[in-house]
Amino acid sequence: ICVSRCPDRYLTFLAASASPASGELEYYREFCVPGFQATRKAPLDVLKDRECPSMLIPSTPLARRCFPAIQAKKGVIMVGNQTTFDDGHGHHRNVTELLEGAKKANVVLEARQLAMKIFEDYTVSWYWIIIGLIIAMVASLIFIVLLRFLAGIMIWVMIVMVILVLGYGIFHCYMEYARLKGEAGSDLSLKDVGFHTDFRVYLHLRQTWLAFMIILCVVEAVVILLLIFLRKRILIAIALIKEASRAVGHIMTSLLFPLVTFFLLCLCIAYWASTAVFLSTSNEAIYKVFNETACQFSGQNCNPETFNTSNVTKLCPDAQCLFAFYGGETAYHKYLIIFQFFNLFMFFWLANFVIALGQVTLAGAFASYYWAFRKPDDMPAFPLFSAFSRALRYHTGSLAFGSLILAIVQVIRVVLEYLDHRLKAAESKFAKFLLGCLKCCFWCLEKFIKFLNRNAYIMIAIYGTNFCTSARNAFFLLMRNIIRVAVLDKVTDFLLFLGKLLIVGSVGILAFFFFTHRIKLVQDSAPSLNYYWVPILTVIVGSYLIANGFFSVYGMCVDTLFLCF
């Protein structure tokens, strides 16, 4: 029952009805169903029909609900400054019996206190968090600039280190194999020992170390052979990575472009979410006839405002018109799930379009850098703005078509997840297997389409051809250079992974030492916090998002220059 305020005293309905002149019954009416008239029914019938609560307890509002006003004074639990209450039958009961009813409220209280403490931590540490994120931004920029000088060194150092680590592994396996010679039980085969959960048993067998040594020798040989045959491709990859660093240096505004994409994505999410909320709350309150004895109207819809004057109460005296559920029985309400799916499909289409627009814009800007004979003289004055204008003016249809294909696959994946959720309780193993196969296939298809779209958008930005032509040309161009693609992809992925690890790790460690007062120089400046992990986690997540944004631009630059090359 919705009430204007919570009760502030102990009172039972029977006690209030027994002395109507005292004004207690008038007070009690505040907590009964709207329009309740005390004179019309006997008190027991009122309670039986659930028109009034049987008892009031001193309460306080919590999360817009009335809960018993429990407090502890000197270790004694009290409700409304009393330790006992009258239960309406002349018995005095202890207020601890009310604790059971309010037990679940503790979770809300604790969550509220936690949220308040976290909010306090943010209010005293927000400017330090911003400084941490600025450091992450500067570090990302420095890393991209340094790649033009250090890319080759970093890649060759890592390749040599991999070879040395594998070599040491072979040497260690041989030493262990030689050490175990002549030891009791070491000559047993893996077949004789069988399966053991304690894997240390296998480390006492010579055969184990021999197997490890053979595996590592094969891996070492494969790595060396790959290096011999792929050395030119690795040199091309290094040259492209260095050139990408120069391109980003000439078009510095490209590093801020992910903010535009992020803003447009936020608009898409806001529109989708508000539409989804409007759809899901467009239901109506459905009331049905409930009764304890046989009644021909049982389960039928009813209107609570006119129910007492209707035929039903005359034919079925114990019938009640009660709220059943939120929903509706019109054609609109029946097909509401289809509207939700359509809304989700439009969200995927719009979101993919925004991402595609960002990719074409960046590809257009970096392509204008690549094809400029004299850099930066032959480049447009504002390469990013020119590329954005071209994308919107000439390529909107191509972007919409590419996004549509991806959105259809994503919606099919959502439908499969929905069916999987609905069939969880089903015993059919074949249906589960089939769904699992379909989910796997569509996941692979989505990954492939994303890869193809990305390269098709680059071709659109370079040549201005339509989506289908660009996708076909990009696909065959990549297939003709498949080894170069694989080498460049892995080398770039490795460098960008290293960059993210370096930036997020260093900024996270710096934040940890600062907020835990371990840096003596700035010990007094660091704020006192309830939970020091709150700003640290915020800085780490923020640093990752910033590094990811910067490196996504850099990755797009490498891919564009590669297709141009």
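Brief remarks on what is shown
- Here's the picture: charge each Lys and Arg Cβ at +1 and each Asp and Glu Cβ at -1 in the chain, and of 396, 522, 59 the one pushed furthest to the positive end of that dipole is 396.
- With all protein chains modelled, accessible area of residue 89 [1.4 Å, Å²]: 140 Å²
- Per-residue SASA entry for residue 552, accessible area with 1.4 Å probe, Å² rounded to 10: 60 Å²
- Checking Cβ-Cβ separations below 4.7 Å across the chain identifies 2, 173, 217, 266, 268, 437, 440, 441, 444, 468, 557, 564 as cysteines lacking any candidate disulfide partner.
- Put simply, the amide H of residue 322, placed in the peptide plane, has neighbours under 5 Å in 288, 290, leaving out anything fewer than 5 places away on its chain.
- For the stretch 296-420, the spread of Cα coordinates along the three principal axes comes to 95, 32, 18 Å, biggest extent given first.
- With the biggest extent put first, the Cα atoms of the stretch 342-491 measure 69, 38, 25 Å across the principal axes.
- Hz values of 3J(HN,Hα) by residue in the stretch 387-402 - Karplus curve (6.51, -1.76, 1.60), Gly and Pro given as x: 5, 5, 4, 4, 4, 6, 7, 10, 10, 4, x, 4, 5, 5, 5, x
- Where GluC sites (Glu not before Pro) in DSSP loops with at most 16 other Cβ within 10 Å are excluded, longest remaining stretch of the chain: 1-182
- Stokes-Einstein D in µm²/s, Kirkwood radius over Cα pairs - the stretch 285-326 at 4 °C with 1.567 mPa s viscosity: 129 µm²/s
- Rounded to the nearest 20 debye, the dipole size of the chain about its Cα centre is 1760 debye, using +1 on the Cβ of Lys and Arg and -1 on the Cβ of Asp and Glu.
- Acute angle (nearest 10 degrees) that the helix 533-564 long axis makes with the longest principal axis of the chain, alpha-carbon atoms: 40 degrees
- The residue among 75, 551, 363 whose Cα reaches farthest toward the positive pole of the charge dipole of the chain, with charges on the beta-carbon of Lys, Arg, Asp and Glu, is 363.
- Per atom type, the chain shows carbon and sulfur on 67% of its accessible surface, probed at 1.4 Å.
- Helix-derived mean residue ellipticity, 222 nm - over the chain, DSSP H n ≥ 4, -39500 (n - 2.57), to 500: -22500 deg cm²/dmol
- Coil-residue chymotrypsin sites (Phe, Trp or Tyr not before Pro) of the stretch 338-447, DSSP, other Cβ within 10 Å capped at 16: 371, 373
- These residues, 333, 204, go from largest to smallest accessible area, 1.4 Å probe, as 204, 333.
- Per-residue accessible area (protein heavy atoms, 1.4 Å probe) orders 231, 64 as 64, 231, starting from the largest.
- Taking all protein chains as shown and a probe of 1.4 angstrom, residue 252 keeps an accessible surface of around 90 Å².
- The mean sequence distance of close C-alpha pairs (under 8 Å, at least 6 residues apart), as a share of the length of the chain, puts its relative contact order at 16 percent.
- Each part gets one Cα centre, and for the stretch 36-99 versus the stretch 195-271 those centres are 66 Å apart.
- Too-long pairs where the Cα-Cα distance tops 20 Å, listed order kept, from 375/500; 242/500; 288/314; 439/490; 48/288: 375/500; 439/490
- Taking the inverse of the mean 1/r over every pair of distinct Cα atoms in the chain gives a Kirkwood hydrodynamic radius of 31.8 Å.
- FRET efficiency, 1/(1 + (r/R0)^6) with R0 35 Å, evaluated for residue 256 and residue 520 via beta carbons: 0.45
- Note on exposure: 528, 274, 22 ranked by accessible area (1.4 Å probe, complete protein assembly) read 528, 22, 274, with the most exposed listed first.
- 0 to 90° range, to nearest 10: angle between helix 257-280 axis and the chain longest Cα axis: 30 degrees
The values are calculated or read from the model by the stated rules, or taken from the named source; none is laboratory data. Quick caveat: nothing in here was measured; it's all calculated off a predicted structure. A quick note on method: Cβ atoms are made from the backbone with ideal geometry, for glycine too, and the neighbour counts reach across all protein chains shown. Just so you know, the surface numbers come from the protein's heavy atoms only, side chains and all, with ligands and any DNA or RNA stripped out. Shrake-Rupley method; radii C 1.70, N 1.55, O 1.52, S 1.80 Å.
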